[in-house]
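Student: Sharing a structure, written as structure tokens. Questions coming.
Every number here is computed from the coordinates shown, using simple stated rules; none is lab data. In this text the structure is predicted, and so the values were computed from the model without any measurement. For neighbour counting, all protein chains shown are included, and Cβ atoms are generated from backbone atoms with ideal geometry for every residue, glycine included.
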Amino acid sequence: MTALDARPRSGATLRFPERFRWGTATAAYQIEGAAAEDGRTPSIWDTFSRTPGRVRNGDTGDIAADHYHRMSEDIALMRRLGVTDYRFSLAWPRVQPTGRGPAARKGLDFYRRLTDELCRAGIRPVATLYHWDLPQELEDAGGWPDRETAYRFAEYAGLAAEAIGDRVATWTTLNEPWCAAFLGYGSGVHAPGRTGAVDSLRAAHHLNLAHGLAVQALRGAVPGTAEVSLTLNLHAVRARTGTPQDLDAARRIDAVGNRIFLDPVFRGRLPEDLVGDTAAVTDWAFVRDGDLRTAAAPIDSLGINYYSPTTVTAGSSPAPSPWAGAERHVRFVPVPGPRTAMDWPVDAGGLHELLLRLRDDLPGVPLVVTENGAAYEDYADPSGQVRDPERVEYLRAHLAAVHRAIEDGADVRGYFLWSLLDNFEWAYGYSKRFGIVHVDFPTQRRTFKDSAHWYAEVIARGGLTG
Ligand code: FCB
């Protein structure tokens with residue numbers, strides 16, 4: 001029997017389980033703005049976005065969607081949507097400005113107000129501790145390739161837990177550590193923009209360690225009812241053909257893209273093939289006794305962010321590469337078919353594949369889709385409407401894939417749509433719109449796109465029609 005069997009009837013033909021969590025997601029640097037207010041210090045993204053040529057149009061998160069000042073209005077939007085959960089992140093440089101020492105009261109007050117208001121609105125707060133905004137001072141001291149950063153992170157986790165641990169329903173330690181390690185320190189397309197294969201692997205290990213240490217810190221400080229989780233952007237990797245060379249290319253990406261996190265966190269070990277693949281880069285001597293045991297501190301669920309699948313063949317990829325140890329063996333191949341404004345293929349099958357793989361590989365671990373969504377060229381028409389039929393289609397197909405995975409026995413507990421608001425899309429600045437709520441940045445006016453109205457109906461019905 002799957003979770004789908006025991007639900008009362010509703011108007012939906014693809015009904016989700018009774019207690020399925022319907023959410024939206026955002027991240028601090030992408031929406032908050034107020035970059036220099038109330039004691040917040042620069043993060044690596046403030047520095048990076050100020051570095052000419054790094055972010056499209058020279059955009060920064062200085063103002064973003066001004067959520068720091070419009071938080072109540074944004075919670076009102078979520079009430080209109082009817083979401084049960086809201087996934088947001090805390091800005092480390094707001095909570096603990098230098099990455100060391102005591103917390104900043106005003107910074108914490110913002111998250112106290114946010115979580116209080118969410119609770120009053122009946123929306124479960126789902127807090128991510130790290131969505132890529134490392135305090136610049138910690139980067140100056142070595143950043144994630146440096147072991148000390150993991151200990152700093154655990155201290156910060158403890159401060160956050162003390163302040164709002166009584167109201168956060170789910171804690172997520174890290175968002176997409178693959179991006180933090182490999183785009184931040186490998187290809188350098190994300191902050192801090194460093195390019196080094198060894199540094200990217202060291203960063204990945206220290207992120208795993210930081211995760212485990214933070215789980216321990218959280219468990220010591222939050223009520224037993226709070227869930228502790230981790231969010232990974234697992235790669236739905238496909239070999240272009242069934243040749244041994246192409247299959248090996250896919251294996252390599254699975255190792256350095258997926259199992260580099262899954263194995264330490266769920267099995268307390270490094271993938272053996274990864275150690276072999278990266279032998280020319282590092283001997284992994286930075287992994288100390290006990291680190292992998294720490295990384296494997298038990299968690300209550302796994303968050304998965306999914307946007308599109310990846311197809312690979314034998315070959316090589318351009319430098320600087322985020323694929324340490326695999327770059328000379330793997331080429332990424334474009335596949336025909338529809339694409340989003342990010343030029344990412346639209347293929348909901350990849351999400352179904354991933355969820356089934358996790359059903360098989362991690363039995364007993366509840367799964368949550370913590371991000372899924374799409375950027376399109378949205379604009380408000382003269383009547384003030386924002387028509388985004390492609391986004392509705394994208395979301396419908398991906399929710400149907402989640403439903404199919406549940407039917408197939410995957411224990412998926414929730415779905416968080418990325419994103420509530422149009423926001424600062426990292427290296428693309430404000431040129432890409434992922435929101436279901438349109439933001440007119442000069443005026444900060446918020447407008448429900450058609451997809452927001454559609455999502456509200458899906459939530460009200462508990463599923464999809466037709
Ligand atoms: C994910 C990030 C999120 C957002 C989406 C589009 O990788 O976690 O912040 O930018 O991509």
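Student: Each residue of the range 311-326 in order: what ³J(HN,Hα) in whole Hz does its phi give by Karplus 6.51 cos²θ - 1.76 cosθ + 1.60, θ = phi - 60°, with x for Gly and Pro?
Tutor: Using θ = phi - 60°, the values come out as 10, 10, 9, 5, x, 9, 10, x, 9, x, 10, x, 10, 3, x, 10 Hz.
Student: Work out the length of the dipole vector of the chain about its Cα centre, built from +1 on the beta-carbon of each Lys and Arg and -1 on the beta-carbon of each Asp and Glu, and round it to the nearest 20 debye.
Tutor: 660 debye
Student: On to the next question. Can you sort Glu227, Glu18, Glu139, Glu117 from fewest to most other Cβ atoms within 10 Å of each residue's own Cβ?
Tutor: So the residues, fewest neighbours to most, are Glu18, Glu117, Glu227, Glu139.
Student: OK, next. Would you please put 201-210, 317-326 in order of how densely packed they are, using the mean number of other Cβ atoms within 10 angstrom per residue and starting with the highest?
Tutor: 201-210, 317-326
Student: Taking the alpha-carbon set of the chain, what are its Rg and Dmax in Å?
Tutor: Calculated on Cα positions, Rg and Dmax stand at 20.8, 63 Å.
Student: Of the beta bridges DSSP finds with both residues in the chain, what % are antiparallel, to the nearest 5?
Tutor: Of all bridge pairs located within the chain, approximately 20 percent are antiparallel.
Student: While we're on this one: Would you please put 384-395, 253-264 in order of how densely packed they are, using the mean number of other Cβ atoms within 10 angstrom per residue and starting with the highest?
Tutor: 253-264, 384-395
Student: Could you compute the FRET efficiency for Ser383 and Ala460, with r as their C-beta to C-beta distance and R0 at 25 Å, rounded to 0.05?
Tutor: Plugging the Cβ-Cβ distance into 1/(1 + (r/R0)^6) gives 0.50.
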